[in-house]
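Okay, so here's the structure we're looking at.
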Amino acid sequence: MADQPAMSRPVAGTQAAAGGHAAESVLAIVPARGGSKRLPGKNLRPLGGLSLLGWTARCAAAAGMPAPLLTTDDTEIAAEAKRHGYAVPFLRPRELAADDTPTVPAVLHALDRHREAAGCDPALVVLLQVTSPFRAPGLIREGIARLAGTPGADALVAMKELHVALGHVYRDERGFTVPVAPKSAERAYVPSGALYVIRTQALRREGTFMPPRCLCLPHSGLSCLDIDTPEDWALAEAAVAAGLARPVEAA
């Protein structure tokens, strides 16, 4: 039987705060290509007995999300994703799965395929990267609710706070250290990779998950870990072994 297309639907907790407007329709998209140079096979590698695909699937389900739509070029990853309830109605073209392929073109391709099947776009797209296994379901719920309830915003990104103020951040200028913002006591943030939420129209218009009117959702601790290197993986394994992190229980 053919795979069923991913369905976007209103998600509990996304109702706008003002005026009692209907909840936004939301589609979660999970990119997971087959090639990984720095950490080969990371999408399928078991962490605490569960693949990174499994960690993200359980978190999304606990957040009340519909089945995430997977975009991958790899048949083994597709099969593992299906075991965890992902919608996998297509394989990503090889030209959108190269080492230097940005995430946005792959997501837009997935959105186009979803629109062909569903007949319309979702109001919101939630990007969940499997390399952030320790994100909490509450982070997803809060991110969707905040964006849906902020009409003037186009996107929201989960951020981790730098441990120093901007006045202590430097850049390299021809080998010399130059302060980014001398004497500034302002706090600074960088994307953690754990969550991106964006209005579909803004994504199609701007071609980025960080358009000008982008909300910041700070979070901290292990939920900010983005696994990209063997060192990141070792830290994740140590956290699981120490009981500091564990997968959400399957429903």
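The values are calculated or read from the model by the stated rules, or taken from the named source; none is laboratory data. Computed from a predicted model, the values in this text were never measured in an experiment. Glycine gets a Cβ as well: all are built from the backbone with ideal geometry, and neighbour counts include every protein chain shown. These area figures cover heavy atoms from the full protein model, side chains too; ligands, DNA and RNA do not enter into them. Shrake-Rupley method; radii C 1.70, N 1.55, O 1.52, S 1.80 Å.
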(message) Run the helix sum for the chain: -39,500 (n - 2.57) per DSSP H stretch of 4+ residues, divided by residue count, reported at 222 nm to the nearest 500 deg cm²/dmol.
(response) -8000 deg cm²/dmol
(request) Can you send over the solvent-accessible area of Ser184, 1.4 Å probe, protein chains only, in Å² to the nearest 10? (result) 30 Å²
(request) Scan the stretch 130-203 for trypsin sites (Lys or Arg not before Pro) in coil per DSSP, keeping those whose Cβ has at most 15 other Cβ atoms within 10 Å, and list them by number. (result) Arg174, Lys183
(request) Determine the order of Arg45, Arg92 by accessible area, beginning with the largest, at a probe radius of 1.4 Å. (result) Arg45, Arg92
(message) Residues of the stretch 181-216 with the amide nitrogen closer than 12 Å to a label point 7 Å from the Cα of Leu162, along Cα-to-Cβ, please.
(response) 181-191
(message) Among Asp99, Asp74, Asp154, which one shows the highest mean-square fluctuation when the chain is modelled as a Gaussian network with alpha-carbon springs under 10 Å?
(response) Asp99
(request) Assign unit charges at the C-beta atoms only (+1 for Lys and Arg, -1 for Asp and Glu), then state the dipole size of the chain relative to its Cα centre in Debye, rounded to the nearest 20. (result) 340 debye
(request) Would you kindly find the accessible area of Cys224, with a 1.4 Å probe and non-protein molecules such as ligands, DNA and RNA excluded, rounding to the nearest 10 Å²? (result) 10 Å²
(message) Let's test the formula: R0 of 35 Å, r as the Cβ-Cβ distance of Asp172 and Thr229. What FRET efficiency results, to the nearest 0.05?
(response) 0.95
(request) Identify the residues of the stretch 27-64 with backbone N under 15 Å of a label point that sits 7 angstrom from the Cα of Ala98 along the Cα-to-Cβ direction, or state none. (result) 35
(request) Tabulate in residue order the Karplus-calculated ³J(HN,Hα) for the stretch 220-228, using 6.51 cos²θ - 1.76 cosθ + 1.60 with θ = phi - 60°, rounded to whole Hz; enter x for Gly and Pro. (result) 8, x, 5, 5, 8, 5, 10, 7, 9
(request) For Phe176, Phe134, give the ranking by accessible area with the largest first, probe 1.4 Å. (result) Phe176, Phe134
(message) Using Stokes-Einstein with the Kirkwood hydrodynamic radius over Cα pairs, what translational diffusion coefficient do you get for the stretch 45-102 at 37 °C and a viscosity of 0.692 mPa s, in µm²/s rounded to a whole number?
(response) 269 µm²/s
(request) Name the long-range amide H neighbours of Ala194: under 5 Å, sequence gap of 5 or more, or other chain; modelled H, no Pro or chain starts. (result) none
